[in-house]
Amino acid sequence: MNWDTIKNFFTTAGVDLLRGLIILAVGFFLVHWIVKIIERNEHKMKMEPTLRGFIKNLIRVLLYLLVILTAVNTMGVPMTSIVTLLGSAGVAVSLAMQGVLGNLVGGFILLLFKPIRAGEYVKIGDNEGTVKNIGTFYTEITTVDNRQINLPNGTLTNTAIVNYTREGTRRLDLVFTAGYEKSIDEVYDILRKMVSGEKDLLADPAPSVNLTKCADNALEFTVRVWVTTENYWPVHFRLLENCRRALDEAGITAPYPQMDVHMK
């Protein structure tokens, strides 16, 4: 390698390489600066916190990719070759990571259409709990006994989701039984008295007490009341205990299953 060859390298390829490195350095600095501006002003965006984070990370990745492609092209690498290489790599990666990409798309769908939000109590398949975080690939829920469950986002978009929080109110149904020998009116009076004494019920829709079934061994009475979502379980436990105690004190106990056998 003579001096003319070295000189020719530094005046052509070397200059292109230097330009590419400068573009990388300046580009990475600008991307970092843009992301900082987004972070300072993200509270002004009327979006879910998780969606804001998702969009911020997506913008960061796209900007870094743009800077790298620009620098590589400046270094003299043909853009056609880069696009072909990226296309081939994209096909291979997509085939190898179908599940991961499905979770990524599922996370975007969850953040865009918002069937669930952080803080809501939901049931997804056999899992039930409070949504803690909707991530890029997994959604984290916390159960009532403080277990953490991470569900793939791709599965969530293809599974029925029961959201107990979104509407703000819930109907509470409690079933009580009484023997056939007991007076229906007496049971009505006791249950209605207990319902009227509960302070956390909604007036509209109005509470109701109805005879809903004549079973083999007992009459079934259903108490239906409406409550706010946060009061559902406190009212459930309190009303269940108070009604059962009042019925027991009146001698109206839950009958046991029984069968009459006639011998000839």
Subject >> Integer Hz, Karplus 6.51/-1.76/1.60 couplings in order for region 25-35, x for Gly and Pro >> reply: 5, 5, x, 5, 5, 5, 4, 4, 5, 5, 5
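Rounded to the nearest 0.05, what FRET efficiency is calculated for Glu140 and Tyr188 with R0 set to 51 Å and r the Cβ-Cβ distance? Don't skip to the end; give the middle numbers.
Values: r = 46 Å, r/R0 = 0.91.
Step by step, r from the Cβ atoms, then E = 0.65.
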Subject >> Rg in Å to one decimal, and Dmax rounded to a whole Å, for region 169-249 via C-alpha atoms >> reply: 12.5, 39
Original post:
For Ile109 and Thr70, what does the FRET efficiency come to when R0 = 30 Å and r is the distance between their Cβ atoms, rounded to the nearest 0.05?
Top reply: 0.45
Subject >> Residues of region 184-222 with amide N under 12 Å of the 7 Å Cα→Cβ point at Glu167 >> reply: 205
**OP:** Sticking with the crude label model, points 7 Å out along Cα→Cβ, report the distance from Arg40 to Thr212 in nm, one decimal please.
**Re:** 5.9
**OP:** Find how many whole Å separate the alpha carbon centroid of region 224-264 from the alpha carbon centroid of region 129-202.
**Re:** 18
Original post:
Arranged from highest to lowest average of other beta-carbon atoms within 10 Å per residue, in what order do the peptides 169-177, 209-217 appear?
Top reply: 169-177, 209-217
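Between Leu101 and Phe28, what length comes free when the chain is fully extended (0.36 nm per residue of separation minus the Cα-Cα distance, one decimal in nm)? Write out the running numbers ahead of the final one.
Details: separation 73, 0.36 × 73 = 26.28 nm, distance 2.63 nm.
Here the answer is 23.7 nm.
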**OP:** Using label points projected 7 Å from each Cα along Cα→Cβ, tell me how many nm separate Arg245 and Asn158, to one decimal.
**Re:** 5.1
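Values quoted throughout were computed directly from the atomic coordinates according to the rules given, and no laboratory measurement underlies them. Quantities reported herein were computed from a predicted structural model and do not represent experimental measurements. All Cβ positions, even for glycine, are placed from backbone atoms using ideal geometry, and neighbour counts span all protein chains on display.
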